[in-house]
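First the structure, in the form of structure tokens, and then the observations on it.
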Amino acid sequence: MIGKIIGAFAGSKLAKSTRGIGGPGGAMLGMGAVAIAKRASLPALIAISAGGYFVKKRMDKKAAAETAPETQPTKAEFK
């Protein structure tokens, strides 16, 4: 019970800095994360964490590419 409360609190705080998720939604995600962490094996948790890391890196790279300014090629690039 205490774990769910702590998870809900952490999820709520995290959701405030995340686009598209509100405080109550973050609390529900935090409670769900605690339940999954209790039942999942260590290799599964590592795989989930690694997957989340790579998805985040890909999303950041895509966002950076979308905001990069367009450049014009120079004469040296045409050779």
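The values are calculated or read from the model by the stated rules, or taken from the named source; none is laboratory data. Here the structure is a predicted model, which means the values were calculated and not measured. For neighbour counting, all protein chains shown are included, and Cβ atoms are generated from backbone atoms with ideal geometry for every residue, glycine included.
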*Within segment 17-34, tally of residues that are exposed (fewer than 13 other Cβ atoms within 10 Å of the Cβ) and modelled with pLDDT of 70 or more*: 1
*Tally of residues being farther than 13 Å from L29 by Cβ and modelled with pLDDT under 70 across segment 1-16*: 1
